[in-house]
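First the structure, in the form of structure tokens, and then the observations on it.
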Amino acid sequence: MGARPAVRRFDVTQHRRVAGLYDLVLTPGVPGAPGPVQPAGPLTAGPLTAGHLAAGHLADLVRRSADPSDDVRVLAQPGEHSEELFREVAGLLDRDVLIAPSSADLRHRRYGTDGDGLFDAVILDRATREPVDWLVIQPPALATPLPGWFAVDRGVVRPRTGVVALPLPDGLALATRADFVARRAAAHRLRTGAAGLATVAVTVRAGAFLTSDYRGTQRVNSGRRLAAILADLPLYGADLRLWLTWPSDPAEQRTLAENLEDLADAVGATVWTPPPGGAVQVLDDGHDLRAVDRAGAPAAWHRHRPAGPDRSPAFRSDPAGRLVPATGTGTAARVVPAGRPDAATPTGTPAAATPADPVSASERPSVLVEPRRSAPSGVPWLGPGQCVNAERFDLFVASTRPPGKLAGGGIPSPDLFLVGRLEPRPAQPARSGTYLLRLAVDPGGAIPMASIRSHVPAYLQHLLAVNDTYLVPAGRLDRLRLLAGYRLTGAGRLEPVGEDREDPEDREDGADGADGADGDRPVRIDCDGAWHGVPGLPGDVRRWPSSRVSWAFALVPARGSAPPRRWLRLYRRPPAPVDGHLLLELRVPAGRAIDVPATADVLDRLPSVRSRAGQLRAAGVALIAPSRNYDRLDARRVFEAVGPAWRRRRGTPGGALPAVWSKLQARPRVDGGPAGAGPVTPGG
């Protein structure tokens, strides 16, 4: 997987700061004083002099020197008593403190291509000299297993990207830098969810919804903008419970009511909120939420429904202020309509009971920690030593391909893993025509999401708190067998699809439906739908260049064409001249192209993954530029074929690839003359 990174001794004068992270530089104490002391140095703030520092002194130093919302990273050679000392500091500051393990050494390593000459702090295991993760110490009264503000990956602390969101059972909590620690603790207190009910915690400001990204930039969102942020949650036709506090100002309440209506329309879901002026609280046992009025007494939830025909509510408020399923027991559904003037007031008739699903949930398996030298998982970000199932169990995994056609292709997935649940419903948002597969998982094949001991990508973090969710890496697919398949209907029911029950809506020409789901078949992944848009390649590809800008070449038809819709083939060296084509010299920023042979070499070790990487490698394709990166490729020079050589074309301005391509198609051919003839040199 590459050579061990080159590191150097830590030098405080050449250290690169991370925005939002206060670096506290300390050195070991004098003999007889076990704690760290503060040295003189450019990054050391405050007037304290060398000597033993107690937790209170350190906390006071940070308060006077750092931004109130900054996390703290201790840049010191760790000691035996450091963890307990800084746990107390974290409690005094109510923020996270990052320290190095006692078995690690603090070093410097240069990352990226920044020309400032500075280095990033990295910690290495003292015995193996391999990078190890920083210890993230959360305030003891607010400690949770949920992730912190920064990503901790292979000894380096890096900023996260995207909207700040924490996982909730069947939902997520939107947070800002100011309330992140408190929101994280509150999210952890909510331990269970309700089937068919998504929960989103959000702060209300000026009658709208407040969100933040990991750069600290805040945004006040309308209902429709919030719907876009929640696009990854399966909300259409479902029920959404908002964990919020209403504003006290009447004008802001009216604005919030309008935004709630827009949110319900945009997501196609019934939205539940506490009454105007009220709030949501976590019950003492942490198993549910309740709505309270402005006086703090239990209150009924208000329903904001989407446009269209009304339907009987799937949930109701109980006397304790909780939102519970509306059952056919004869108890009147205590629902308060809100928002739309045409919302019908409930008559006391209970909602019809939903028929029980004939497919039973799977039993939760016992787990054990796999040996660190176990078979590779095939997932780049998944480290060794994970918890895995110790016994055989069944898992439900969503698929967009009919079960009867999996033998020829596999389960379409953009990832080198599958995510499934113990319950017979999808773990992630379902798409139209989605199928549900029941898979038998042999011991060691699946990892509980809640127990993963690696940094999980942002788009999966909302699943960390879903206790019945499991991840099956591509390297363990040989431990899966397909038992049965079902079609998810619009009403949420499951229709068996097997050898004799092929779905007529998905029958392909010439398919007779003989290849059914039943029969204990092996399982494969078919690479499809990755972020880069290149068909047949997974999302986890080997990117090129790895760490700096490089140069490549592309063949372009001289006239009458547009850039390829999905991807463009690149060459490391100029190819042989081709009649009717031009040659573009491209400046490629780090990571904007795909290294096909390196990707194929990785996938060769995963026989259960079906991809086009091997075919592209066999065809001699070395580099690919996805279409989404075209505007990041800078065309510097243009060459045209003159006999057996390329000759530079004069008078063609450079710029982004799409703009230059368009100009070339509209420009008549002009010979460049003798100037510019000769060999083409990358970057010349």
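The values are calculated or read from the model by the stated rules, or taken from the named source; none is laboratory data. Everything numeric in this text was worked out from a predicted model, so none of it was measured. Methodologically, a virtual Cβ is constructed for each residue, glycine included, from the backbone with ideal geometry; neighbour enumeration extends over all protein chains shown. Only protein heavy atoms, including side chains, enter the accessible area calculation; ligands, DNA and RNA are left aside. Shrake-Rupley method; radii C 1.70, N 1.55, O 1.52, S 1.80 Å.
Work out from phi, with θ = phi - 60° and the Karplus expression 6.51 cos²θ - 1.76 cosθ + 1.60, the ³J(HN,Hα) of each residue of region 221-231, listed in order in whole Hz, and give x for Gly and Pro.
Whole-Hz 3J(HN,Hα) from phi for region 221-231: 10, 6, x, 6, 5, 5, 4, 5, 5, 8, 4.
Using a basic spin-label model with each label point 7 Å from the Cα along Cα→Cβ, how many nm lie between Arg566 and Asp153?
Between Arg566 and Asp153, the simple spin-label model gives 2.7 nm.
Compute the FRET efficiency between Thr128 and Ala320 as 1/(1 + (r/R0)^6), taking r as their Cβ-Cβ distance and R0 = 51 Å, and round to the nearest 0.05.
According to the calculation, E is roughly 0.40.
Could you do me a favour and compute the accessible area per residue for region 178-314, 1.4 Å probe, result in Å²? Could you put the intermediate results ahead of the total?
Working: 5720 Å² over 137 residues.
Value returned for region 178-314: 42 Å² of accessible area per residue.
Can you pull the percent of Cα pairs in region 560-664 with separation above 24 Å?
Considering region 560-664, 31 percent of its Cα-Cα pairs are separated by more than 24 Å.
Could you give the length gained by full extension between Thr217 and Ala141, i.e. 0.36 nm per residue of separation minus their alpha carbon distance, to one decimal place?
That works out to 24.6 nm of additional length.
So what's the convex hull volume per residue for the Cα atoms of region 78-202, in Å³?
Cα convex hull per residue, to the nearest whole number: 146 Å³.
Pull up the DSSP beta bridges for region 154-276 and report the antiparallel fraction as a percent, rounded to 5. Let's see the in-between values first.
Working: 13 of 24 bridges.
For region 154-276, the DSSP antiparallel bridge percentage is about 55.
Sequence-distant or interchain residues sharing an amide H contact under 5 Å with Asp133, placed H: which?
Amide H neighbours of Asp133: Gly155.
Can you list the HN-Hα couplings for region 483-488, worked out from phi with the Karplus curve (6.51, -1.76, 1.60; θ = phi - 60°), rounded to whole Hz and with x for Gly and Pro?
9, 7, x, 9, 9, 7
Can you list residues whose amide H is under 5 Å from Thr199's amide H, if they're 5+ apart or on another chain and H is modeled 1.01 Å from N?
Gly171, Leu172, Arg241
Using each residue's phi in region 55-64, evaluate 6.51 cos²θ - 1.76 cosθ + 1.60 at θ = phi - 60° and report the 3J(HN,Hα) Karplus result to the nearest Hz, with x for Gly and Pro.
4, x, 5, 5, 4, 5, 4, 5, 4, 7
Enter the mean projected area of the convex hull around the alpha-carbon atoms of region 203-261, in nm², rounded to one decimal.
Answer in nm², one decimal: 4.5.
Which value, in Å² and to the nearest 10, is the accessible area of Phe10 when all protein chains are kept and the probe is 1.4 Å?
That residue has around 40 Å² of solvent-accessible surface.
Could you pull out every residue, at least 5 positions away or on a different chain, whose amide H is within less than 5 Å of the one on Arg612? Hs are placed 1.01 Å off N in the peptide plane, and Pro or chain starts have none.
For Arg612, whose amide H was placed from the backbone, the distant partners under 5 Å are Leu537.
Just how much of Ile137 is accessible, in Å², when a 1.4 Å probe is used and the result is rounded to the nearest 10?
Near enough 10 Å² of accessible area.
Just to make sure I understand: if all protein chains stay in place, what is the order of Trp301, Trp243, Trp531 by accessible area at 1.4 Å, largest first?
Correct descending sequence by accessible area is Trp531, Trp243, Trp301.
Taking a temperature of 4 °C and a viscosity of 1.567 mPa s, what whole-number D in µm²/s does Stokes-Einstein yield for region 135-247 with Rh from Kirkwood over alpha carbon pairs?
Answer from the Stokes-Einstein relation: 86 µm²/s.
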